[in-house]
Amino acid sequence: MTEVAAARAQALEDLLVEKGIVDRRVVDDVIEHYQTNVGPLNGAKVVARAWSDQAYRHRLLADGTKAVAEFGFGGPEGHRIVAVENTPEVHNVVVCTLCSCYPWPVLGLPPRWYKAPQYRARVVAQPRAVLAEMGLVLPDGVRIRVWDSSAEARYLVVPQRPPGTDGLDEAALAGLVTRDAMIGVAQASSPQADA
Ligand code: FE
């Protein structure tokens with residue numbers, strides 16, 4: 001399926017280039033930009049600040065788009081970013097049931113599994129089971145909220161700050177915030193015990 005989709009995308013690109021509608025270099029530049037310049041590091045900075053700065057956290061939860069713009073993040077596929085916060089009681093996970101809507105300015109390009117029909121269909125019906133299969137086993141008492149991203153709103157999960165991180169600055173905290181944690185299929189990493 002994914003091979004078919006890739007072949008189809010390639011065929012479309014070839015056709016657009018052939019017709020002179022698209023410049024192949026521009027396509028490469030866009031992909032390169034979102035893979036290397038943007039990526040989940042932007043989101044990690046946002047989450048690290050929310051963990052360190054209560055006022056920023058409130059701004060982020062009130063208006064994600066505006067709060068990420070404080071870092072200069074925004075643009076295509078990020079016109080409305082909504083931040084949802086994990087707590088000991090509630091765990092948030094994001095999907096796009098329709099296609100693959102994703103907050104590019106903070107997370108870069110979506111991983112392949114996010115676009116897979118299996119994830120998109122099953123995480124809604126059986127979120128606890130899907131998360132467990134992905135390595136995230138949540139206690140029974142934790143409620144799971146599934147957010148359906150769309151062109152109208154793209155969600156960013158603010159994971160729980162891991163224990164043992166009190167002394168860490170924002171840069172060190174950002175290093176614990178993985179892409180998967182910001183989609184809600186993992187927790188933030190624990191700090192490595194220094195040898
Ligand atoms: Fe979508």
* Sort 105-118, 173-186, 50-63 for me by packing, meaning the mean count of neighbouring Cβ atoms within 10 Å per residue, highest on top. => 173-186, 105-118, 50-63
* Structure fact -> Simple spin-label estimate for GLN192/GLN10, 7 Å along Cα→Cβ, in nm, reads 3.7 nm
* In deg cm²/dmol and to the nearest 500, what is the mean residue ellipticity at 222 nm of the chain if only DSSP H runs of at least 4 residues count, each as -39500 (n - 2.57), divided by the residue total? -> -12000 deg cm²/dmol
* Quick one: if you stick a label point 7 Å off each Cα along the C-beta vector at ALA62 and ASP29, how many nm between them? -> 3.8 nm
* Structure fact -> Expressed in angstrom and rounded, the centroid-to-centroid distance over alpha carbons for segment 84-151 and segment 165-195 is 19 Å
* **Accessible surface, segment 77-156, averaged per residue in Å² (probe 1.4 Å)** => 49 Å²
* Excluding same-chain residues fewer than 8 positions from LYS45, which lysines have a Cα within less than 27 Å of its Cα? -> LYS66, LYS115
* To do: Consider a paramagnetic label point 7 Å from the Cα of ARG128 along Cα→Cβ; state which residues of segment 138-179 have an amide N under 11 Å from it.
  => 138-144
* Net charge near VAL30: determine it from the other residues with C-beta under 14 Å of the C-beta of VAL30, scoring Lys and Arg +1 and Asp and Glu -1. => -4
* Anisotropy class of segment 117-168 from Cα gyration tensor, a/c 1.5 cut -> oblate
* **Apportionment of accessible area to carbon and sulfur, the chain, percent (1.4 Å)** => 54 percent
* From the Cα gyration tensor of the chain, with a ≥ b ≥ c the square roots of its eigenvalues, which class applies: rounded if a/c is under 1.5, or else prolate if a/b is larger than b/c, or else oblate? -> prolate
* To do: State whether segment 54-108 is rounded, prolate or oblate according to the following rule on the C-alpha gyration tensor (a ≥ b ≥ c being the square roots of its eigenvalues): a/c under 1.5 gives rounded; otherwise a/b larger than b/c gives prolate, and the remaining case gives oblate.
  => oblate
* Asked: Once you charge only the Cβ atoms, +1 for Lys and Arg and -1 for Asp and Glu, what is the size of the charge dipole of the chain about its Cα centre, to the nearest 20 debye?
  -> 460 debye
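The values are calculated or read from the model by the stated rules, or taken from the named source; none is laboratory data. For clarity, every value in this text was computed on a predicted model and none was experimentally measured. Please note: Cβ atoms are built from the backbone with ideal geometry, for glycine as well, and neighbour counts cover all protein chains shown. In case anyone asks, the SASA skips ligands and DNA or RNA and just uses the protein heavy atoms, side chains included. Shrake-Rupley method; radii C 1.70, N 1.55, O 1.52, S 1.80 Å.
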